[in-house]
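No lab work stands behind these numbers, since they all come straight from the coordinates. Keep in mind that this is a model prediction, so the values were computed, not measured. Quick reminder, even Gly has a Cβ in these numbers, built from the backbone with ideal geometry, and neighbours come from all protein chains shown.
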Amino acid sequence: MNYHNTLNRILATVPNQIRAIDAAEMNHKPAPAKWSKKEILGHLVDSAYNNHQRFLRAESQGNLIFQGYDPDEWVIKNNYQNRSIEDVLQMWEITNRHLSILIRGIPKEVLQKTTTEHEFHLMAMNLLKEGEPSNLAYLMWDYLFHLEYHMKQIVVDYQEVNPKFEG
């Protein structure tokens, strides 16, 4: 699986799809404690930052156990709701382009190195069983799955490009 190409396919279409969404729709909060589409996009910025450091550290730390974060707290503290849509969109795009370059450079043997030392039973979008063998490739695939899950909440008729995980 070429995660770099998959992410770049997403980056090639999503910015214009989001720019086509009416500002009122992007800013609308369905309930006080629910995120607007703009805040969902901001959450994806935070997710990219967190996964960037995870992907960087995976090879040198010898396991796939990483510090988590509180998505709701980060969305509030980063004040995405009161930023311009274009500002949040540009952050999302630049952060993911940066992440894509990192992904492209990670050797296949690092991606495929199997370990049972992970917390994918707690932190992945597609949870694994505790102790189930996994690898960095799974985490990258799950990142893209998570990204597309939220894109479907933002962009009506969003078309997924990330295939099912092939271990």
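Of note:
- Range of Cα positions in the chain per principal axis (Å), largest first: 46, 30, 24
- In degrees, nearest ten, helix 3-19 long axis to first principal axis of the chain (Cα): 10 degrees
- To the nearest ten degrees, helix 37-61 and the longest principal axis of the Cα atoms of the chain are 20 degrees apart.
- Residue (of LEU99, ASN50, TRP35) at the positive-pole extreme of segment 3-137, dipole from beta-carbon charges: LEU99
- Helix 136-154 axis versus longest C-alpha principal axis of the chain: approximately 20°, rounded to the nearest ten.
- Placing a pseudo-label 7 Å from each Cα along the Cα-to-Cβ vector at LYS152 and ASN2 gives an inter-label distance of 2.5 nm.
- Rounded if a/c under 1.5, otherwise prolate or oblate - segment 96-166, Cα gyration tensor axes: oblate
- Taking N as its residue count, the alpha carbon Rg of segment 1-67 over 2.2 N^0.38 Å: 1.46
- Between LEU102 and THR114, the modelled label-to-label distance comes to 2.6 nm, taking each label 7 Å out from Cα in the direction of the beta carbon.
- Total charge dipole magnitude, the chain, about the Cα centre, Cβ charges on Lys, Arg, Asp, Glu only, Debye to nearest 20: 280 debye
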